[in-house]
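Novice: Next up is a structure, given as structure tokens.
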Amino acid sequence: MAASAPDDYLRYLEVERRYSSHTLSNYRRDITAFVEWLGRDNIVDLAKVRTDDVRRFIAAEHRRGLGPRSLQRRLSALRGLLGFLADRGQAPGNVARGLRGPKAGRKLPQTLDADEMARLVEVPTDTVLGQRDRAMLELLYSSGLRLAELCGLRWTELDLADGVVRVTGKGSKTRVVPVGRQAREALAEWRRASSPENDAPVFPGRSGAPIGPRAVQLRLRQLAQQQGLWKRVYPHLLRHSFASHLLESSGDLRSVQELLGHADIATTQVYTHLDFQHLAKVYDAAHPRAKRKS
């Protein structure tokens with residue numbers, strides 16, 4: 001087995017499946033841990049890995065203190081790698097296919113309430129940076145984008161006249177999501193201030209390339225403190241808040257699933273822990289910042 005097999009797999013996930021840099025980093029760490037563990041038993045050929053090897057590795061990681069979620073991700077990375085090799089005739093089969101990690105307790109998402117969310121997004125716009133920040137916050141909350149989707153977004157994918165944005169999410173799946181009125185106004189103001197070319201990133205970094213995920217995370221933390229919010233505020237918190245607020249008002253789980261781009265509705269059902277009270281119609285009627293001016 002070529003030593004580059006894990007690199008080939010990770011390159012496949014990056015180029016063909018368009019996995020986020022965060023997921024790729026985690027998978028690389030998971031696979032590296034497995035390869036190093038195999039090396040202790042002088043196993044260097046992944047084609048010779050047995051089901052029991054994977055099972056013993058997960059047990060060893062559990063004894064080392066890894067929690068259920070980390071173990072499940074380890075297994076997911078290994079199932080993907082070994083399945084990738086089997087599909088290409090480099091291994092007799094996917095020996096990790098039937099293995100499952102310990103069940104993790106359901107972790108409920110944190111959210112901001114509507115008042116906290118309003119305070120966060122209403123940052124001052126008397127500077128160009130403020131206009132960018134306002135547009136970024138409004139879009140995250142308005143459309144429930146993932147961090148990677150926000151960072152990679154280009155102006156050609158935004159239609160402010162029709163109020164929609166086209167994003168490519170996990171697994172290279174494309175979805176079209178509504179953009180609320182206040183987000184459209186903030187984005188239009190930011191576009192006038194930044195005068196971008198048609199295919200430019202909506203939110204560029206200092207070099208003109210798309211802004212990096214870490215820069216967005218740090219900026220959100222700063223903005224939260226400036227706005228008097230002392231909770232831990234991060235990009236995915238706005239996505240959680242988007243989903244929870246929409247479900248509270250509409251109760252339409254299927255539509256929220258489609259808006260979020262979840263492949264499995266069970267992923268969306270985590271938001272039904274709240275006392276909840278067809279796509280664009282539900283959005284326009286329910287989302288706090290999408291409602292039309294009276």
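Novice: So what is the calculated 222 nm ellipticity per residue for the chain, using -39500 (n - 2.57) for each DSSP H run with n of 4 or more, over all residues, to the nearest 500 deg cm²/dmol?
Specialist: Calculated mean residue ellipticity at 222 nm is -16500 deg cm²/dmol.
Novice: Also, I was wondering about something else. Over region 80-149, what is the relative contact order in whole percent, taking alpha-carbon pairs under 8 Å and six or more residues apart?
Specialist: That works out to 14 percent.
Novice: Below 17 Å, Cα to Cα, which aspartates and glutamates can K103 reach? Residues fewer than 8 away in the same chain don't count.
Specialist: Correct list for K103: E61.
Novice: Going by C-beta contacts inside 10 Å, put V44, V216, V270 in order with the fewest on the left.
Specialist: Numbers: V44 11, V216 19, V270 15.
By the 10 Å Cβ count, ascending: V44, V270, V216.
Novice: A further question on this structure: Bin width 10 Å, alpha-carbon pairs only: give the P(r) of region 114-286 as whole percents, running from 0 to the bin holding the largest distance.
Specialist: Spelled out bin by bin, region 114-286 gives 10, 40, 38, 12, 1 percent.
Novice: If you don't mind, there's one more thing I want to ask. Treating cross-link reach as a plain straight distance, find the aspartates and glutamates whose alpha-carbon is under 20 Å from the alpha-carbon of K48, omitting any fewer than eight places away in the same chain.
Specialist: D7, D8, D30, E36, D87
Novice: A further question follows. With the Cα gyration tensor of region 5-87 giving a ≥ b ≥ c as the square roots of its eigenvalues, does the rule (a/c under 1.5 for rounded; else a/b larger than b/c for prolate; else oblate) give rounded, prolate or oblate?
Specialist: oblate
Novice: Over region 5-87, what relative contact order in percent results from Cα pairs under 8 Å that are six or more residues apart?
Specialist: Reported as a whole number, the value is 36 percent.
Novice: Something else about it: Using per-residue counts of other Cβ atoms within 10 Å, averaged over each peptide, order 73-83, 167-177 from highest down.
Specialist: 73-83, 167-177
Novice: So, one more: Return H240, H287, H62 ranked ascending by Cβ neighbour count within 10 Å, so the fewest neighbours appear first. Walk me through the numbers on the way to the answer.
Specialist: Values: H240 19, H287 23, H62 16.
By the 10 Å Cβ count, ascending: H62, H240, H287.
Novice: Right, here's the next one. Only Lys, Arg, Asp and Glu count, each charged at its Cβ (+1, +1, -1, -1), so figure out the dipole size of the chain about its Cα centre, rounded to 20 debye.
Specialist: Taking the Cα centre of the chain as origin, the dipole is about 700 debye.
A short reminder: the numbers here are calculations on the coordinates, not readings from a lab. Just so we're clear, the structure is a prediction, and the values are computed from it rather than from any experiment. Every residue, glycine as well, gets a Cβ built from its backbone with ideal geometry; the counts of neighbours run over all protein chains shown.
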